[in-house]
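**Q** Have a look at this one before I ask anything.
The values are calculated or read from the model by the stated rules, or taken from the named source; none is laboratory data. Values in this document were obtained by computation on a predicted structure and should not be read as measured data. Here the Cβ is made from the backbone with ideal geometry for all residues, glycine too, and neighbour counts use every protein chain on show. Accessible surface areas use protein heavy atoms only, side chains included; no ligands, DNA or RNA. Shrake-Rupley method; radii C 1.70, N 1.55, O 1.52, S 1.80 Å.
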Amino acid sequence: MAETFPALEMSNATVVSLRDPTKDILEGVNWTVAPGEFWVVGGQQFSGKTDLLTLAAGLVGPTVGSCHVFGQDTRLLGEEQLAWRLRIGFLFDGGQLFNRQTILENVTLPIRYHKNLALTEAAPVVSALLELMGLSPFADLTPPNVGAGWRHRTAMARALTLQPEFLLLDNPLSGLGPRHRQWMLQFLDQLWRGHKLCGGRPMTLVVTTDDLRPWRDASGNSGRKYAVLHDKTFYPLGSWVEVEKADHPTVKDLTVGDLLAELEENQK
Amino acid sequence: MRGNLAKTLDLSETQVFRRAPLPKSYTDFMGRKAFLFLMTVQGLGAFALITLGVILRKFGVAPNVIRPRIRQEIGRAGMSLLPMFLLIALALGFVVVGQTIAALAKVGQITFLGSAMVVVIVRELGPLIAAMLVLARVGTANVIELGTARALGEVESLEALGIDPVHYMIVPRVIGMSLGIFSLTVYLILGALVSGYFFAFLQNVPLTPGDYIGEIMAALSPMDFALLALKTMTFGFFIAIVTCYHGLAQPLRLEEISRVSVRAVSQGVIACVMIDAIFIVFYLFS
């Protein structure tokens, strides 16, 4: 049955800071994400990117206004609404894996908990996912013993285990080398268009970033949408053409960046 | 003023309240300490009730995940401490039990042996020593592990996965520690009684093993067994609650974990002594 509700709908929402719940980090956010859309939200550090995503995931509620995910008020996403919660996948900046558990245990945790499977029963269920992510050789290692790129993939695998419909990713390219970055960009594109992992169903994606350049849509017609956060305000911009036209200091900073540092890196 | 100071120092108002310099008035100081104590009791009480609620409501949820964790915690709070407890039991037997037997034998009051052993070892020292040792060994580890997990965002990860952090992280520790302390206490008591008799034997105290066991069994009542189980499991429950509360309930930075560990251990000791005092009332009226 086709989804009739938007994947995400924020109406005049005020987002509080996770570090200091008494401080409003974003105000008056009006934002609608339709099912199947791919949004890239840019912002500098402490602009509220993570806080915005945690609000979208229902981990915190708006102090003012409302936030609905697939028509469900996120303030009411309690244990009775577990099914709604599981439609959302979340990838934290850095992964936030469980360091005392192996990669296999990390990836299988959601399916073991919600479907009451033992590790030996859950392992075959996620084997295809681990193979696709290139994680099979590292399944018995703990996160501190693998590189940042593999930790990101582990976190991605964990977020996809229960085949969510709506994936929120907080700075998924941070700390990644060129190889893992390229892999992540291509994989997200495949998820958006419909990956066999999720039965070919297109996924709704929202990504935050502190650098819009890797997310550049050169053709201008890929369908991705962009927004920036600046001075407690959410600015939806639209397509990449609108981003390039925008005369906004934050946009310029996120798209131009430190050219000198980039040149030095290219020379290495 | 406290709010402005908190913002300037990047601390919460409670932290400013705790760290403010001593007031000139002694009564103000006592009042502040009393208020802090009540705040702590309120926080711990709420956390304990939440944990109890989760234990009852989610008893059959995800047993394939939670039960292995409970077994792991029982192993950590029980099995892995057996060698250390054997040593403590031997020492307790020699230091307390053996000397008590020898002293009573000297004054010809060996008939009081059973009562003395039950009161000293079974009711008081056994459970309290077991609780203190588990608090020191496992309680501090709880604070460090949970504090680190909180600081690294593992709690938010669990919430994002639709997993109740209390159910996944706290309940196994509470159940494991309760059962672990109970088992270790029984082990400690038996070891102390056996090693105590051995010490008395070395001193040629005229007491046969049969008489020794008979005296102790005569002094024990069914209530002692029930209260021993209840007391030790209550110790385990509150030690787990105190240590998990300090590790998990409050947002922590990595550099604060050591300070919080010390506070958790001292509050755990106070909790155990207060529970011990409450149980004396039960013994008096049993």
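**Q** I'd like the full set of residues that are in contact (Cβ under 8 Å) with a residue 60 or more places away in the chain, assigned to a helix (DSSP H, G or I) and polar (S, T, N, Q), limited to the stretch B:220-238.
**A** Restricting attention to the stretch B:220-238, the residues satisfying the condition of being in contact (Cβ under 8 Å) with a residue 60 or more places away in the chain are B:220-221, B:223-224, B:227-228, B:231-232, B:235-238.
Subset that is assigned to a helix (DSSP H, G or I): B:223-224, B:227-228, B:231-232, B:235-238.
Result: B:Thr232, single match.
**Q** Can you find, within the stretch B:188-209, the residue that is farthest from B:Leu90 (Cα to Cα) among those that are open to solvent by 50 Å² or more (accessible area, probe 1.4 Å) and in a helix (DSSP H, G or I)?
**A** B:Pro209
**Q** Ok, one more. Please work out which one of (1) surrounded by fewer than 22 Cβ atoms within 10 Å (Cβ to Cβ); (2) closer than 22 Å to B:Ala62 by Cβ is the condition A:Ala148 fails and give its number.
**A** Checking A:Ala148 against (1) surrounded by fewer than 22 Cβ atoms within 10 Å (Cβ to Cβ); (2) closer than 22 Å to B:Ala62 by Cβ, the one that fails is (2).
**Q** In the stretch B:2-17, which residue that is open to solvent by less than 50 Å² (accessible area, probe 1.4 Å) and under 17 Å from B:Asp28 (Cβ atoms) is modelled with the lowest pLDDT?
**A** Start the filter on the stretch B:2-17 by keeping residues that are open to solvent by less than 50 Å² (accessible area, probe 1.4 Å), which leaves B:3, B:6, B:11, B:15-17.
Adding the requirement that they be under 17 Å from B:Asp28 (Cβ atoms) leaves B:16-17.
Working: B:Val16: 77, B:Phe17: 73.
So, considering only residues that are open to solvent by less than 50 Å² (accessible area, probe 1.4 Å) and under 17 Å from B:Asp28 (Cβ atoms), the one modelled with the lowest pLDDT is B:Phe17.
Okay, residues lined up against (1) assigned to a helix (DSSP H, G or I); (2) within 14 Å of chain B (Cβ to nearest Cβ):
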| residue | (1), (2) |
| --- | --- |
| A:Gly36 | no, no |
| A:Thr50 | yes, yes |
| A:Thr54 | yes, yes |
| A:Leu59 | no, yes |
| A:Pro62 | no, no |
| A:His68 | no, no |
| A:Arg75 | yes, no |
| A:Gln81 | yes, yes |
| A:Trp84 | yes, yes |
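**Q** Quick check: anything in the stretch B:142-160 under 16 Å from B:Thr232 (Cβ atoms) and either under 23 Å from the mean Cα position of the chain (by Cα) or surrounded by fewer than 19 Cβ atoms within 10 Å (Cβ to Cβ) (or both)? I'd like the intermediate steps shown before the answer.
**A** Filtering the stretch B:142-160 down to residues under 16 Å from B:Thr232 (Cβ atoms) leaves none.
No.
**Q** Of the residues B:Gly126, B:Gly139, B:Gly147, which is within 30 Å of B:Glu215 (Cα to Cα), at pLDDT 85 or above and either assigned to a helix (DSSP H, G or I) or away from chain A (no Cβ under 14 Å) (or both)?
**A** Answer to the check: B:Gly126.
**Q** Return the only residue of A:Gln72, A:Gln81, A:Gln45 being of a type in the set (S, T, N, Q) and within 17 Å of the chain's Cα centre (by Cα). Full working, then the answer.
**A** On the way: A:Gln72 fails: within 17 Å of the chain's Cα centre (by Cα); A:Gln81 fails: within 17 Å of the chain's Cα centre (by Cα).
The conditions single out A:Gln45.
**Q** Okay, next question. When the stretch A:116-146 is examined, which residues are found to be away from every other protein chain (no Cβ under 14 Å) and not in a helix (DSSP H, G or I)?
**A** Correct list: A:Gly134, A:Leu135, A:Ala139, A:Asp140, A:Leu141, A:Val146.
**Q** Sticking with this one: In the stretch A:130-137, is there at least one residue being open to solvent by 10 Å² or more (accessible area, probe 1.4 Å), without any contact (Cβ under 8 Å) to a residue 12 or more places away in the chain, of a type outside the set (Ser, Thr, Tyr) and in contact with a Pro (Cβ under 9 Å, 6 or more places away or on another chain)?
**A** no
**Q** Does A:Leu26 satisfy the criteria of being open to solvent by less than 10 Å² (accessible area, probe 1.4 Å) and over 18 Å from the mean Cα position of the chain (by Cα)?
**A** yes
**Q** Say whether the condition of being closer than 19 Å to A:Leu205 by Cβ and in contact with an Asp or Glu (Cβ under 8 Å, 6 or more places away or on another chain) is met by at least one residue in the stretch A:5-21.
**A** yes
**Q** Assuming B:Leu104 fulfils every condition listed in (1) within 14 Å of chain A (Cβ to nearest Cβ); (2) touching a residue at least 12 places away in the same chain (Cβ under 8 Å) apart from one, which condition is it?
**A** Unmet condition: (1).
**Q** Go through B:Met169, B:Met217 for me and flag whichever is among the hydrophobic types (A, V, I, L, M, F, W, C) and either in a loop (DSSP other than H, G, I, E, B) or more than 14 Å from chain A (Cβ to nearest Cβ) (or both). Break it down stepwise before answering.
**A** Details: B:Met169 fails: either in a loop (DSSP other than H, G, I, E, B) or more than 14 Å from chain A (Cβ to nearest Cβ) (or both).
Exactly one residue qualifies, and that residue is B:Met217.
**Q** Could I ask something else about it? May I ask you to say which residue of B:Gly108, B:Gly75 is open to solvent by less than 60 Å² (accessible area, probe 1.4 Å) and modelled with pLDDT under 90?
**A** B:Gly108
**Q** Sticking with this one: So, of the residues in the stretch A:89-105 that are under 15 Å from B:Val65 (Cβ atoms) and more than 9 Å from chain B (Cβ to nearest Cβ), which turns out to be surrounded by the fewest Cβ atoms within 10 Å (Cβ to Cβ)?
**A** Here is the first cut: in the stretch A:89-105, the residues under 15 Å from B:Val65 (Cβ atoms) are A:98, A:100-102, A:104-105.
Imposing the further condition that a residue be more than 9 Å from chain B (Cβ to nearest Cβ) reduces the set to A:101-102, A:104-105.
Numbers: A:Gln101: 15, A:Thr102: 18, A:Leu104: 22, A:Glu105: 18.
Top of the filtered list is A:Gln101.
**Q** Another question, then. Name, by its number, the condition in (1) open to solvent by less than 30 Å² (accessible area, probe 1.4 Å); (2) within 9 Å of chain B (Cβ to nearest Cβ); (3) not hydrophobic (A, V, I, L, M, F, W, C) that does not hold for A:Thr108.
**A** (2)
**Q** While we're here: For the stretch B:240-262: of the residues being surrounded by 14 or more Cβ atoms within 10 Å (Cβ to Cβ) and among the β-branched types (Val, Ile, Thr), which is farthest from the chain's Cα centre (by Cα)?
**A** Per the criteria, the residue is B:Ile257.
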